[in-house]
Amino acid sequence: MAEDERFTPRRELGRTGFVATALGVGDLADRAVPVETCVATARRALDSGLNVIDTAPNYEDGYSEEIVGRAVRERPRDSVFVIDKIDHYDRPVDTQIDGSLARLKLDHADLFVFHGLSAMDAFDRLCQSGGGFDELADAVKAGKCRFRGISSHSPDVLHAALAAGVCDVVMFPVGPFVDPRYVTDILPLAKALGVGTVCFKTFGAGKLVGDTSGYNQPLKTRPRGKLSSGGSDDAEAILPRLSVAECLHYTLTLDPDVALLGLSYPNEHDAAFAAARSFRPLTAGQMDDVRHRAADARRDKGPCWWNPDPNA
C-alpha cells in the first residue's frame, strides 16, 4: 500500500484516550497456516496503519494470542490497541488474564472483555459484589489491562451493561444483517454515554459474501436449481451475495468507532482496504437496498447465532 493510502487514526475510542482507525484487525488464527505466515499477515495489516487488533483464548486454543503478541511486540506499545477476552464467567478473572498475557508475552492488554456475554443471568452474576466485573476492575488497577467491557450478541445484555456503567468499550454486531436494535438502540446509547464501540459481523460471518455457514466453513448442503419447466435440476443453485464494498460501506455509514473485520489473509486485506478507500456514506435508499438484499444473501446458509432469533 502506498504511503498516501495508509490508514490514519480517526477518532477517540469512547473515552479511552486512544485514537483508533476506522477498521480493526480480527480473526487471525488458523492452525493450518504456519505461525510465521499468520504473524506476517497481522503485521501487514498493522503496517497499513490499522491500530486496533482483537484476539481471544478460544480462538484456536491460544494460537491467535500467540500471533497477536508476536505481531505487536516490535511496535511501540501505545501505538496498537490490543483487545483480549475472558472466555469463562465461572472461573477467576485474574487467572484467565494471566494466562492470556503469558501467551501474548505482553505485560498488559489495552482491553479485556467478557466474551460473548449474551445471557442476562450470567451478566447479573458477574455484576454481583465481588463478581467478575469487580475482578476485572481489580485487574485494571493492577495494570494488567487499561479498560474493561463486554462482547455480546444480545441487545438486552448490552443495554443493561451500558446502564450499569461497567464498560469502557462494548463489542457487538453491526452490519447489513443484524438485529436492528444493535443499530437503533445500542449504538446511539453507547455514543451518548461515551462508551467505545467496536463492531463486528459486517460480512455476517462470511454468509453475506460467500456460500458458507460461517467463517470459511463450506455449506454442507446447498439448494438445487430449478429447470425452466418447473422440474428440479441437479445443479446447485447460485446463491445471492453482496460485495465486500457493499457490506463495509453499510457498516461505515452507521459509524461505529471501529469496524472489526476478519483479516486473516492478504486477499482479505486488499478487498477490505479497497472498499474502505472508496467509501462514501450511503443514502437511506441505498441502505434499504443493501439490507433487503442481505436478507436474501444469508438465506439457506444456516442460523445467525449473533441474533436473538438466530433464524431471523
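Placing R0 at 35 angstrom, the Cβ-Cβ distance between ALA164 and ASP300 gives a FRET efficiency of 0.35 after rounding to 0.05. Hey, what angle do you get for helix 266-277 against the long axis of the chain, alpha-carbon based, 0 to 90 degrees rounded to 10? That helix lies at roughly 90 degrees to the long axis. Residues whose amide H falls under 5 Å from that of LEU282, counting only those 5 or more places apart or on a different chain, are THR253, with hydrogens built in the peptide plane. Between helix 244-254 and the chain there is an angle of about 50 degrees, using the helix long axis and the longest principal axis of the Cα atoms.
Could you tell me which residue out of ILE86, SER129, TYR265 lies farthest along the dipole of region 17-298 toward its positive end? Charges go on the beta carbon: Lys and Arg +1, Asp and Glu -1, centred on the Cα centre. Going by the Cα projections, it comes out as TYR265.
Note on region 280-295 and region 38-110: Cα centroid distance 34 Å, given to the nearest whole angstrom. Here each label is just a point 7 Å from Cα along the line to Cβ, and for GLU74 and ALA245 those points are 3.3 nm apart. Shown in residue order for region 286-303 are the 3J(HN,Hα) couplings computed by the Karplus curve 6.51 cos²θ - 1.76 cosθ + 1.60 at θ = phi - 60°: 5, 4, 4, 5, 4, 5, 5, 6, 5, 4, 6, 5, 8, 5, 6, 10, x, x Hz (x for Gly and Pro). Sequentially through region 46-61, phi angles give Karplus couplings (6.51, -1.76, 1.60; θ = phi - 60°) of 5, 5, 6, x, 4, 10, 10, 9, 10, 8, 6, x, 8, 7, 6, 6 Hz, Gly and Pro residues having no value and appearing as x.
If R0 is 30 Å, the Cβ-Cβ spacing of THR184 and THR95 corresponds to a FRET efficiency of close to 0.20.
Residues whose amide H falls under 5 Å from that of LYS85, counting only those 5 or more places apart or on a different chain, are VAL113, with hydrogens built in the peptide plane. For the pair ARG15 and GLN286, a Förster radius of 45 Å applied to the C-beta separation gives a FRET efficiency near 0.90, rounded to the nearest 0.05. From its DSSP helices (H runs of at least four residues, each -39,500 (n - 2.57)), the chain gives a residue-normalised ellipticity at 222 nm of -10500 deg cm²/dmol. Rounded if a/c is under 1.5, else prolate if a/b beats b/c, else oblate: with a ≥ b ≥ c from the C-alpha gyration tensor eigenvalues square-rooted, which is region 1-114? It comes out oblate by the Cα gyration axes. Peptides 289-302, 104-117 ranked from most to least packed, by the mean per-residue count of other Cβ atoms within 10 Å: 104-117, 289-302. For VAL52, the residues 5 or more places off, or on other chains, whose built amide H falls under 5 Å of its own are THR21, VAL25, PHE81. Relative to the longest principal axis of the Cα atoms of the chain, the long axis of helix 63-72 lies at roughly 70 degrees. Comparing THR253, GLY206, THR16 along the charge dipole axis of the chain, the residue lying farthest to the positive side is THR253, per the Cβ-charge model.
Net length available on complete extension from ASP124 to THR37 is 27.2 nm, with 0.36 nm assigned per residue and the Cα-Cα distance removed. Can you compute the modelled spin-label distance between ASP156 and ASP138, with each label point 7 Å from Cα toward Cβ, in nm? The answer from the label model is 3.0 nm. Taking every DSSP beta bridge that has both ends in the chain, the antiparallel portion is near 20%. Charging the Cβ of each Asp and Glu at -1 and of each Lys and Arg at +1, and nothing else, the dipole of the chain about its Cα centre rounds to 400 debye.
Sorting 196-204, 119-127 by average packing, meaning the other beta carbons within 10 Å per residue, from highest down gives 196-204, 119-127.
All of the numbers you see were taken from the coordinates with simple rules; none came from a lab. What you are looking at is a predicted structure, and each value in this text was computed from that prediction instead of being measured. Here Cβ is always computed from backbone atoms with ideal geometry, including for glycine, and neighbour counts include all displayed protein chains.
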